[in-house]
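The block underneath contains the structure these notes are about, expressed in structure tokens.
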Amino acid sequence: MNYLIKAPEKLHAEIHLPASKSIGNRALILNALCRHPKEIKNMPVCDDTEVMIKALRDEDSELNIGAAGTAMRFLTAYLSVKKGTRIITGTERMKNRPVKLLVEALQSLGAKIGYLEKEGFPPLRIRGQALTGGEVCLDGSVSSQYISALLMIAPQMTNGIRLHLIGDVISRPYINLTVRLMRMFGATVLEEGQTFTVPPQPYSPVENFTVEADWSAASYWYEMAALYKDKETHLSLSGLSADGLQGDASIAELFDRLGVKTTFTRSGVTLSKKERKIDPPLLFDFTAMPDMAQTAAVTCIMLNIPFRFTGLQSLKIKETDRLEALQTESGKLGYPLTVRDGNSLEWDGKRSSITQSPVIATYEDHRMAMAFAPVSICRKEGICVADPQVVSKSYPSYWEDLEKCGFSIRTGSSVS
């Protein structure tokens, strides 16, 4: 199924953002590790979180987590310290997303994990038991979720852990998020450079823990605000705060340069137009927030702003190879992007031929759908997005929210 999306002439709206799945999934693991867990409020209603809830609640011998990469990483660690033998598997794409570094780190701490198909990839058979813990080294340049997975189970280990991160550490705000949440649940985490020391200690449940709104979801509304030419563009996004837990809040600083002003209010933020502050090409390092790269890349090409984005090495092991996907789909719109060294993406401002009636493929990746839908603002004929249901992974109400703002969305095979 495809959606044909056409944008309204103006954008004035109030949006109730979904809750953060980054916070929700971590809170679920930490709460489950408590002796007497408490209810978590404002839990995200999306595929990734529902998979996690089901896996933590059910006692099935085999867990199919679908396309939920966070669940795969976090549950691999969690199941290693919970008694019983479980198999964890997922979609075909998930069976091709590497997990070897995490498995090897867990095995060095005493975990019993085996591969059922390809070495280094799911599905996994995990025999949970008490882990001794100790010292472990991990490459910090591959996935912050490996690091978060190890840290969260560390207090359950007999000797805790001393985790040394090697090389450049990506997505550091997500590690900081994990550490802050662990401390909220009663854990002690000591940091010295790229070394984390976590002593053994029981977690304590948090009364009235409430998951805050999702800054990643907010990024698509920032993109829309940037793409509209109307100076009266105005958006209110509820549930966001200046002192929240999420590193992706830094997207506000990037979009300030792209012409979007952020004003914090009691209920969230308001977005309005302002003058851009860019001397092209736009240079930006996404090491701290790689999930925002698709949003920024599509925004820049539609505003005709040449760019060079770095720190994108983790995009190759996401829901799809996001660098390749961005290159292919932007090419359909006449914007030839260049991938360099597997960790950077750039556009020099040159154009190429446009595919007739382009249909944006989404590659089972929610962020591809949500980043490209706002292209409709810049094309009178709109934009056609394939497999739009992928947004259920993190933002199930995305299309409904667009319609509330006046976007026309109908099922169609191509742009007419």
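The values are calculated or read from the model by the stated rules, or taken from the named source; none is laboratory data. Quick caveat: nothing in here was measured; it's all calculated off a predicted structure. Methodologically, a virtual Cβ is constructed for each residue, glycine included, from the backbone with ideal geometry; neighbour enumeration extends over all protein chains shown. These accessible areas exclude ligands, DNA and RNA; they are computed on the full protein's heavy atoms, side chains included. Shrake-Rupley method; radii C 1.70, N 1.55, O 1.52, S 1.80 Å.
For the reader, a short list of remarks on this structure follows.
- Summed side-chain charge close to residue 3 - residues other than residue 3 whose Cβ falls under 13 Å, Lys, Arg +1, Asp, Glu -1: -1
- Whole-Å distance, taken between Cα centres, linking the stretch 191-208 and the stretch 29-61: 20
- For residue 90, net neighbour charge (Lys/Arg +1, Asp/Glu -1) across residues whose Cβ lies under 12 Å away: -3
- Take the chain with all the other protein chains still there, run a 1.4 Å probe, and you get 40 Å² of accessible area per residue.
- Estimated 222 nm signal from helices in the chain, with DSSP H stretches of n ≥ 4 weighted -39500 (n - 2.57), rounded to 500: -8500 deg cm²/dmol
- Across the cross-link table entries 41/404; 21/318; 82/118; 82/318; 38/100, which are compared at the Cα atoms, the separations over 21 Å belong to 41/404; 82/118; 82/318; 38/100.
- Local net charge near residue 230, Cβ-Cβ under 11 Å (Lys/Arg +1, Asp/Glu -1): +2
- Surface calculation, 1.4 Å probe, protein heavy atoms: residue 127 sits at approximately 120 Å² accessible.
- Ranking of 264, 407 by solvent-accessible surface, largest first: 264, 407 (1.4 Å probe, protein heavy atoms only, all chains present).
- Counted residue by residue at 0.36 nm each, then reduced by the alpha carbon distance between them, the extension gain from residue 195 to residue 229 reaches 7.5 nm.
- Bridge orientation summary for the chain: considering DSSP beta bridges with both residues in this region, about 65 percent are antiparallel.
- Here the gap between residue 117 and residue 101, fully extended at 0.36 nm per residue and compared with their Cα-Cα distance, gives a gain of 4.1 nm.
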